[in-house]
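Report on one structure; see the data block that follows.
The values are calculated or read from the model by the stated rules, or taken from the named source; none is laboratory data. Keep in mind the model is a prediction, meaning the values are calculated, not measured. Backbone-built Cβ (ideal geometry, glycine too); neighbour counts: all protein chains shown. Keep in mind that these areas ignore ligands, DNA and RNA; they rest on the heavy atoms of the full protein, side chains included. Shrake-Rupley method; radii C 1.70, N 1.55, O 1.52, S 1.80 Å.
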Amino acid sequence: MDALLRDIRYAHRSWRRAPGPIVAALAALALGIGANTAIFSIVAGVLLRPLPYQNPERLVMVWQDMRGRGGPARDWTSPGLFVEWRQRGNMFEELAAVRGWMPNLTGIDEPERLRGAAVSAAYFAALGVPAAVGRTFSEDDDRPGGAPMAIISDALFTRLFSRDRGIVGRTILLDGQATTVAGIMPPGFDPPIIPADIWSPIRIDPSRAPRGMIVLRVIGKLKPGITLAQAQAGMATIATQLEQEDAEWERARVAVIPLHEDLVGDVRAMLLVLALAVALVLCMACANVMSLLLARAADRTREITIRAALGAGRGQIVRQLLTESALLSACGGVAGLMLAWWGVRALIAVAPSSAPRLHEVRMDGLVLAFTAGVTIGTAAISGLAPALATARAGLNAGLRDGGREATGSSKVRAVLVVAEIAIALVLVVGAALLVRTLVALQRVDMGFNGERVLTASIAPPRGQYRDPASLRQLYQRLLDRAAAIPGVRSAAVTNVLPLSGADMDLAFRIQGRAPAATAGDQPTAWTRVVSASYVSTMGMRLLQGRDLTRLDTDTAPGAVLVNETLARRYWAGRSPLGAKLNLNDLEATVVGIVADVRHRGPSVPPEAEMYIPFTQFNNRQGAIVLRTVDDPARATAALRAAMRDVDPSLPLANVTTMRTLMDRSVAQPRFLAALLTGFAGLAAVLALVGVYGLLSFSVSRRVRELGVRMALGAGRWRVMRLVLGQSAALVAAGLVAGVALAIALSRLLRTLLFGVRPGDPATIVAMACAIAVAAILASVPPALRASRIDPVVALREE
């Protein structure tokens, strides 16, 4: 311990003599360790920690795999199919259905629309989370015809009911119905699948469960001892049995996916890319520190040689140098931990709102252990090579050539610079590819003009608006009032807003063609139930035919618009205008073709879609769209006032601009591009510092050589070319290695790219040129300093 304390005191004294390089090394380590700790905190919270439910490893999502019919790999299911799964799926301990539910809470000062979910009784049992107050739903509660009841979240309990436990057993008004509050969920309960603050029983009647309504998501809890493969095989068998028993069942495979994988699947690739990026940044920080320690060791060769001559053993010398490295890394680790604490909060603040499990991210014992491990590893990597290189130096050589750098040390530092340039190029190329992806996404033609558009959603309750006529009257009155708001150019209604995440599909039949052999073979399209002015209000393009008008009433012949994709799919090479479609009970004529709209985001190809007048097709929930002459947010208060005038009990929800929804659709690629650009910039700075430091030290160690050269007639330009040539050789070697690594590692970004290929030659060449120019510029100051050496002074000092 006495020896260790003596080594620490000695290290401190040596740092005070040359603080500049030490501060630079500490900054590099703090940034590298801090970035790694921050990203690991996110990775641990999102990917590594188990879900906060009972037996989370047994929780799965059950989806329909519709890829065989041109649909998604994970599609929702129908109540009828869920009933069959529940009756036959003996590999599940619990199987629960979930669907969205957005009730209007009234009887308070200001009506409010709540985020909710309708769930089967097995939902809370599958998660293993009991109510904190009261109870969860029982099977009796979930039977059709039961009294209205609900369970509320702790957040809603706090915000609206002031944590009064007496609310349990009392009634609240939801959609005009007196609903009994059965229980309150515990604080911190995070419902999977659908974020919700209130839950109601779903109450599916097995004898009348519809097969064609694709509205449910299904969560299951495997029985103990049942593997995922066994569950998948069992559900595949059930799908085959259903198809054999009744040809009307959807001919689709079933996908059983672990719940954790389903929740974090969209961000897994992004987090792994970020983790790799910060690991590379840390490697560069270690390389810079190692280069610094090698330079200090070369400066201290005479000192260490004298200590050895006076009796210090190699073990003592190595211990002293390793103590300095460990102390440097420890200080960098402490500083990095403080940076990480701030960085985690900053990352959570700017992360996309759709990112899962961010509220579970925290700096706990696992993160501290990771930081300690990184710090120890950094100390070993950055300090061991300089210590061993110094300890191997010969005694006589050290006394004779104390002013020169060891050849081996010089080569190691050159290799480190080459590695830094290669890593910097990899990160800069990755960042450039993601930036190009972001630019490409923002340039995609969405099929509509989202500028100066305000949107809000409405959910009329069944108890108050039972028949289609009352619903149409409500929407028409609201449209008339909204269109009269000053600054509003037009107003429209739709059941599904672009980029909202919602959808509705509908099977249809084309008259004059043979009917489909089974229900699964029927033509289908995403369906938008819209008002007459929707196409113009959204800034969509009408390609052929006419638009929907106010003359398309419930007493007029049915009319429908189709998009380009639907027209190509079912009328390839011909015009669909005039074709007649059977849409449930509506016979409609195709009166126009509109341009494709990317409803699911700029990176998702458009689907087959049709637009039906809301006056001819039943539609309950909807969204109102206003196009304004200036900032649409200014119309918010007037729109809320119009809604109160039409129906004071109906609140507006999700009031936002279309521009905001469009920005959200590219929030994840923007977040990733910004972070990776920041890390790439840090890596480039570290690489340039490495180049500058190596050349500066090399010039300082070659003063006598350069003085002799200049005394023998070498001019300043020749000396500059000599130093710049050394830099160019290192940069060229680093770029060659970096190009190879960039081509290989850019393939990891394949799923994150859009509009640009992994390993894009133009991007790699442009970034390599940028790195080369920056590195040469960083080499100019040492080269200028070398060219200004006075040979007389240099030789006399030597």
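Residues in the stretch 51-81 that are modelled with pLDDT of 90 or more, open to solvent by 20 Å² or more (accessible area, probe 1.4 Å) and in a loop (DSSP other than H, G, I, E, B): P52, Y53, Q54, N55. The numbered conditions (1) in contact with a helix residue (DSSP H, G or I) (Cβ under 9 Å, 6 or more places away or on another chain); (2) open to solvent by 50 Å² or more (accessible area, probe 1.4 Å); (3) not polar (S, T, N, Q) are all true for D630 except (1). Within the stretch 233-262, restricting attention to residues that are open to solvent by 50 Å² or more (accessible area, probe 1.4 Å) and under 30 Å from A355 (Cβ atoms), the residue that is modelled with the lowest pLDDT is R253.
Right, A637: free of Cβ contacts under 8 Å to residues at least 40 places away in the same chain and open to solvent by 50 Å² or more (accessible area, probe 1.4 Å) or not?
Yes; evaluated as a whole, the condition is true for this residue.
The residue of the stretch 720-742 that is nearest to the chain's Cα centre (by Cα), among those that are surrounded by 17 or more Cβ atoms within 10 Å (Cβ to Cβ) and among the β-branched types (V, I, T), is V739. Considering the stretch 113-172, the residues that are of a type in the set (S, T, N, Q) and not in a loop (DSSP other than H, G, I, E, B) include one that is farthest from I204 (Cα to Cα), namely T158. Considered as a group, the residues in the stretch 316-357 that are under 20 Å from the mean Cα position of the chain (by Cα) and among the charged types (D, E, K, R) include one that is modelled with the lowest pLDDT, and that residue is R357. Would it be correct to say that T565 is part of a strand (DSSP E or B), hydroxyl-bearing (S, T, Y) and under 27 Å from R211 (Cα atoms)? No: the conditions fail for T565. Total residues in the stretch 152-188 satisfying the condition of being open to solvent by less than 50 Å² (accessible area, probe 1.4 Å), in contact with a helix residue (DSSP H, G or I) (Cβ under 8 Å, 6 or more places away or on another chain) and under 13 Å from V133 (Cα atoms): the figure is 7. Looking at W526, W571, just one residue is aromatic (F, W, Y) and farther than 29 Å from A482 by Cα, and that residue is W571.
If the condition is being open to solvent by 20 Å² or more (accessible area, probe 1.4 Å), within 28 Å of the chain's Cα centre (by Cα) and within 30 Å of Q522 (Cβ to Cβ), then the stretch 189-216 contributes I193, I214, V215. Restricting attention to the stretch 135-150, the residues that are at pLDDT below 90 and touching a Gly at 6+ places or on another chain (Cβ under 6 Å) add up to 0.
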